[in-house]
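The structure appears below as structure tokens.
The values are calculated or read from the model by the stated rules, or taken from the named source; none is laboratory data. Only a predicted model underlies this, so the values are computations on that prediction, with no experimental measurement involved. Glycine gets a Cβ as well: all are built from the backbone with ideal geometry, and neighbour counts include every protein chain shown.
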Amino acid sequence: MAAKLSIKKLILIDSAGVKPRRSLKYYFKVYSYKFAKNTLKLFAPLSFQKKLLQNFQNKSGSEDYRNASPTMKKILINVVNEDLTHLMPKITAPSLLIWGENDQDTPLYQAQTMEKYIPDSGLVVLKNAGHYSYLDKLHEFLTIIEHFIKDDVESC
């Protein structure tokens, strides 16, 4: 839907949208969790199941996931796993991608994939910044944004 909107410029910051590469460790964690969940259903009281599974989730999820409400956790799972690369070539607005060099939640290769698929895009990598690159390097971030939107602000 957003690809059909008429916008002047687009800025994506440490964004999801590229299906993540998954390691063997990731699959081990996911299937261990599912196995534990199904096994606990058979043998453990409900209160114990919830407590143990919550503890497992808190240890394995990202910081965003751990701090999210139950509803937001479901949304985060869907967002992180959705592959939007098929829509990226349809974006016609000049697009700026700003990424933290050390982003572990949406790694740099995802930004490079977006830059490849979004026609009029450019990538700025903030050194020594993580998933919250806009906070880690606030001054640099604001300067970059200011330059990108400068022409639009001056014409208002």
* Give the stretch 93-120 a look and list any residue that's out of contact with any Leu (no Cβ under 8 Å at 6 or more places or on another chain) and more than 15 Å from Ile11 (Cβ to Cβ), or say none. => Asn102, Asp103, Gln104, Asp105, Pro107, Leu108, Tyr109, Gln110, Thr113, Lys116, Tyr117, Pro119
* Asked: Looking at Lys41, is it more than 30 Å from Phe148 (Cα to Cα) and not polar (S, T, N, Q)?
  -> yes
* **Complete set of residues in the stretch 133-156 that are of a type outside the set (A, V, I, L, M, F, W, C), at pLDDT below 95 and in a loop (DSSP other than H, G, I, E, B)** => Ser155
* **Leading residue by the ranking (nearest to Gly130 (Cα to Cα)) among those in the stretch 36-75 that are of a type in the set (Ser, Thr, Tyr) and without any contact (Cβ under 8 Å) to a residue 40 or more places away in the chain** => Tyr65
* Any residue in the stretch 84-103 that is over 30 Å from Ser6 (Cβ atoms) and exposed (fewer than 13 other Cβ atoms within 10 Å of the Cβ)? -> no
* Count of residues meeting criterion [touching a strand residue (DSSP E or B) at 6+ places or on another chain (Cβ under 8 Å) and more than 25 Å from Lys150 (Cβ to Cβ)] in the stretch 111-127 -> 1
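Residues checked against (1) touching an Asp or Glu at 6+ places or on another chain (Cβ under 6 Å); (2) among the acidic types (Asp, Glu); (3) assigned by TED's automatic domain parsing to the domain that holds Lys137; (4) under 25 Å from Asp136 (Cα atoms):
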| residue | (1), (2), (3), (4) |
| --- | --- |
| Phe35 | no, no, no, no |
| Thr39 | no, no, no, no |
| Ser62 | yes, no, no, yes |
| Tyr65 | no, no, no, yes |
| Ala111 | no, no, yes, yes |
| Ile118 | no, no, yes, no |
* Is there a residue in the stretch 111-120 that is at pLDDT 90 or above, closer than 17 Å to Lys19 by Cβ and not in a helix (DSSP H, G or I)? -> yes
* To do: Scan the stretch 135-154 and give yes if some residue there is in contact (Cβ under 8 Å) with a residue 24 or more places away in the chain, of a type in the set (D, E, K, R), closer than 17 Å to Leu10 by Cα and loosely packed, with under 12 Cβ neighbours inside 10 Å, otherwise no.
  => yes
* Pairs only if they're at least six apart or on different chains, beta carbon under 9 angstrom, first in the stretch 17-35 and over 22 Å from Gln54 (Cα atoms) and touching a residue at least 40 places away in the same chain (Cβ under 8 Å), second of a type in the set (A, V, I, L, M, F, W, C) and part of a helix (DSSP H, G or I); list them, first residue then second. => Gly17/Val79; Gly17/Met88; Gly17/Met114; Val18/Met88; Val18/Ala111; Val18/Met114; Lys19/Val80; Pro20/Val80
